[in-house]
Amino acid sequence: MQSFLRTTGKPRRVAALGAATAGVLLLAACAGGGSPAPSGSTGPSEGGETDTSLVIGSILPQTGNLAFLGPPEFAGVNLAVADLEAAGYEYDVTHEERDSGDTTTDIATQSAGELISAGADVVIGAASSGVSFTFIDQLVDAQVVQISPANTSPDFSDYEDDGFYWRTAPSDVLQGRVLGNLMVSDGAANVGFITLNDPYGTGLQENAAAAVEAAGGTVVANELYNPGDTNFQTVVANVVNAQPDAIAIIAFAETAQIVPELVTNGFPATGMYFVDGNLSNSYEFPEGTLDGAKGTLPGNPADGSFQDRLLEVDDSLTDFSYGPESYDAVILAALAAAQGGSADAVTIRDNLQMVSEGGTKCTDVAECLQLIADGEDIDYDGPSGPITFDENGDPTEAYIGIYQYGADNQYTFLNAEFGSLTE
């Protein structure tokens with residue numbers, strides 16, 4: 001079994017450890033229920049009981065400025081739970097849903113506390129990087145695994161999390177590269193940014209700006225706004241006055257106020273570029289407002305058959321963003337528990353990287369579980385694409401989808417670019 005201090009690369013970033021604990025980590029009982037496995041083992045500690053109950057918690061947006069992402073993410077989690085049950089998964093699986101709100105509230109921290117008390121082994125969420133930073137330490141301290149389907153801030157890669165934080169969405173190092181190259185390749189020599197001032201926004205902007213400049217373009221403006229702001233007249237005017245050919249709007253729900261200001265200032269939709277935080281089909285703009293605007297979204301787009309399966313869970317879905325990543329987060333956690341022989345958080349943590357790389361490829365839940373039962377090492381690839389975790393809990397490779405809006409203000413898929421974060 002792959003141990004907590006992996007031998008295939010540098011150790012996961014951890015909180016400071018004394019010399020006496022460097023070789024052997026004595027881990028306290030986790031809040032996820034059952035006896036935790038010692039680091040490097042394939043099951044519960046000697047004399048301990050195997051945890052046979054996998055409690056999945058979710059902290060995903062039911063309210064707040066990313067509420068439009070909540071339905072497909074919850075659907076992805078619930079579909080994964082159903083697939084595990086249909087495959088005869090050996091552990092009892094329950095799902096506890098909680099709201100994440102956004103960074104203007106403390107809903108997420110309350111939800112994290114409730115899930116810890118409920119004995120969660122794994123928490124799926126949050127969608128927002130800024131929100132995840134508000135409760136990540138709660139989960140680390142309680143030794144509960146966190147897997148976000150949508151966090152993309154580069155700041156998570158070296159966060160001291162004792163190996164309990166993972167994500168199935170790639171760092172914005174990759175999305176920023178694709179976004180910057182897209183704007184320049186579309187003919188933009190001068191680029192402006194309207195940027196949410198939080199870890200997600202500033203991290204994505206920095207990487208996109210670097211890509212613009214590397215491709216020969218010039219960043220002529222970058223205006224920040226803060227969560228909760230409602231007036232964007234000055235922000236938009238400052239960017240437009242810099243005369244950019246393209247403007248990347250790195251925002252959440254505030255986009256509904258930003259776009260009309262851009263239109264008022266005479267900026268064309270064909271020069272607007274959206275990102276995963278605001279690529280939505282729910283805007284109520286006049287027809288043609290977004291015609292020609294483009295956007296990027298990490299992950300392989302959900303294909304028709306997977307969309308149909310998500311619709312069976314929630315027939316009201318109109319957006320499928322991060323549904324595949326949410327599904328894969330649950331399946332990976334479940335496979336890690338099966339690989340390690342116990343459904344507790346420490347065992348899951350110690351086996352997540354192993355089930356994502358280096359073994360026999362499998363994509364079907366039942367197939368993967370059978371391979372594990374046969375003693376095979378597996379390499380799971382899911383509907384979100386290839387998932388190979390590095391020692392930081394980050395995917396090392398991923399697809400970034402490129403989309404374009406039509407006259408109906410609905411976006412459609414253009415193509416996907418595959419990239420590696422190890423290059």
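A few remarks follow.
- Among the residues of segment 103-141, those identified as assigned to a loop (DSSP other than H, G, I, E, B) and of a type in the set (A, V, I, L, M, F, W, C) are Ala118, Ala120, Ala126, Ala127.
- For segment 169-199, the set of residues classified as open to solvent by less than 10 Å² (accessible area, probe 1.4 Å) and under 14 Å from the mean Cα position of the chain (by Cα) consists of Ala169, Pro170, Ser171, Asp172, Leu174, Gln175, listed by residue number.
Residue by residue, here is whether (1) at pLDDT 90 or above; (2) of a type in the set (Ser, Thr, Tyr); (3) open to solvent by 20 Å² or more (accessible area, probe 1.4 Å); (4) under 23 Å from the mean Cα position of the chain (by Cα) holds:
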residue	(1), (2), (3), (4)
Ala37	no, no, no, no
Pro44	no, no, yes, no
Ile56	yes, no, no, yes
Gly64	yes, no, yes, yes
Pro72	yes, no, no, yes
Asn78	yes, no, yes, yes
Ala82	yes, no, yes, yes
His95	yes, no, yes, yes
Arg98	yes, no, yes, yes
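- When residues of segment 347-380 are limited to those that are β-branched (Val, Ile, Thr) and farther than 19 Å from Thr50 by Cβ, the one most open to solvent (accessible area, probe 1.4 Å): Thr363
- Filtered residues of segment 143-158 (kept if in a loop (DSSP other than H, G, I, E, B), open to solvent by 10 Å² or more (accessible area, probe 1.4 Å) and touching a helix residue (DSSP H, G or I) at 6+ places or on another chain (Cβ under 7 Å)): Gln143
- Just one of (1) open to solvent by 10 Å² or more (accessible area, probe 1.4 Å); (2) assigned to a helix (DSSP H, G or I); (3) within 26 Å of Pro61 (Cα to Cα) fails for Phe320. It is (2).
- Only a single item in (1) hydrophobic (A, V, I, L, M, F, W, C); (2) farther than 16 Å from Asn278 by Cβ; (3) touching a Leu at 6+ places or on another chain (Cβ under 7 Å) is not met by Ala189, and it is number (3).
- Top-ranked residue in segment 110-142 [being more than 22 Å from Ala169 (Cα to Cα) and not small (Gly, Ala, Ser); ranked as most open to solvent (accessible area, probe 1.4 Å)]: Asp141
- Reported count of residues in segment 213-250, each being polar (S, T, N, Q), over 13 Å from Gly271 (Cβ atoms) and part of a loop (DSSP other than H, G, I, E, B), is 3.
- Taken over segment 381-396, the criterion of being in contact (Cβ under 8 Å) with a residue 40 or more places away in the chain and crowded, with 18+ Cβ neighbours inside 10 Å is satisfied by Gly382, Pro383, Ser384, Gly385, Ile387, Phe389, Asp390, Asn392, Gly393, Asp394, Pro395.
- Subset of segment 257-303 that is open to solvent by 50 Å² or more (accessible area, probe 1.4 Å) and of a type in the set (Gly, Ala, Ser) - its residue that is nearest to Ile402 (Cα to Cα): Ser282
- If you filter segment 55-102 down to residues that are in a strand (DSSP E or B) and of a type in the set (Gly, Ala, Ser), you find that the one that is nearest to Ala338 (Cα to Cα) is Gly57.
- Segments classed as strands (runs of 3 or more DSSP E), wholly inside segment 366-423, with at least 1 members that are of a type in the set (S, T, N, Q) and in contact with a Leu (Cβ under 9 Å, 6 or more places away or on another chain): 397-405, 411-420
The values are calculated or read from the model by the stated rules, or taken from the named source; none is laboratory data. Computed from a prediction, not measured in an experiment: that's the story for all the values here. Positions of Cβ are backbone-derived with ideal geometry, glycine not excepted, and every protein chain shown enters the neighbour counts. For the accessible areas, the whole protein counts, side chains as well, though only heavy atoms, and no ligand, DNA or RNA atoms are used. Shrake-Rupley method; radii C 1.70, N 1.55, O 1.52, S 1.80 Å.
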